[in-house]
Amino acid sequence: MTERTFSIIKPDATRRNLTGAINAVIEGAGLRIVAQRRVKLSEAQARKFYEVHAERPFYGELVGQMTAEPVVVQVLEAENAVAKYREVMGATNPEQAADGTIRKQFALSIGENSVHGSDSIENAGIEIAQFFTDDQIVG
Ligand code: CMP
């Protein structure tokens, strides 16, 4: 079934001019970019987005990194988009990411790991709604 997932190209990647290179990997894997916007996250937006990690020791650093410079927020569409994009991104820790994945190619560290992708269909819906209205997504 056609599905949508939410993606963020993170500050470590936008800073190094890697938006196009990452989009090429995304599109090469058969995921369609059906919405996309460059935005500088506010602290409130980043805190809310990563609310589930609020008790984790890296939460403050994560919010700091995500608000330091612009990000690119995206909606990706494909058959099994959530699982497919997680495969394309590779493991959260780039040292464990498989060859050819975005994080293996571009990530600097577990914190500066270049991309975020939703971990479930339910969370994809929640995350997409934080950044896009239905009419901004053109499939
Ligand atoms: P992301 O998929 O955006 O979801 C939460 C983020 O927290 C994760 O990617 C990492 O960039 C970041 N992070 C920083 N430190 C850790 C850690 N020790 N374990 C998991 N995620 C971490």
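Annotations for the structure displayed:
- Qualifying residue in region 108-115 (condition: under 17 Å from Asn23 (Cβ atoms) and in a strand (DSSP E or B)): yes
- Residues that are within 11 Å of the ligand (Cβ to nearest atom), open to solvent by 30 Å² or more (accessible area, probe 1.4 Å), over 24 Å from Asn17 (Cα atoms) and assigned to a loop (DSSP other than H, G, I, E, B) are absent from region 76-85 altogether.
Every residue, every condition in (1) outside any loop (DSSP other than H, G, I, E, B); (2) among the β-branched types (Val, Ile, Thr); (3) open to solvent by 50 Å² or more (accessible area, probe 1.4 Å); (4) modelled with pLDDT of 95 or more, yes or no:
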residue	(1), (2), (3), (4)
Asn17	no, no, yes, yes
Asn23	yes, no, no, yes
Ile26	yes, yes, no, yes
Ile33	yes, yes, no, yes
Arg38	yes, no, yes, yes
Glu55	no, no, yes, yes
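- Residue check for Val138: of a type in the set (A, V, I, L, M, F, W, C), open to solvent by 10 Å² or more (accessible area, probe 1.4 Å) and in a helix (DSSP H, G or I): no
The values are calculated or read from the model by the stated rules, or taken from the named source; none is laboratory data. Please read these numbers as outputs of a predicted model, since none were measured by experiment. FYI the Cβ positions are ideal-geometry reconstructions off the backbone, even for glycines, and counts take in every protein chain you see. Note: accessible area is taken over every heavy atom of the protein model, side chains too, but ligands, DNA and RNA are not part of it. Shrake-Rupley method; radii C 1.70, N 1.55, O 1.52, S 1.80 Å.
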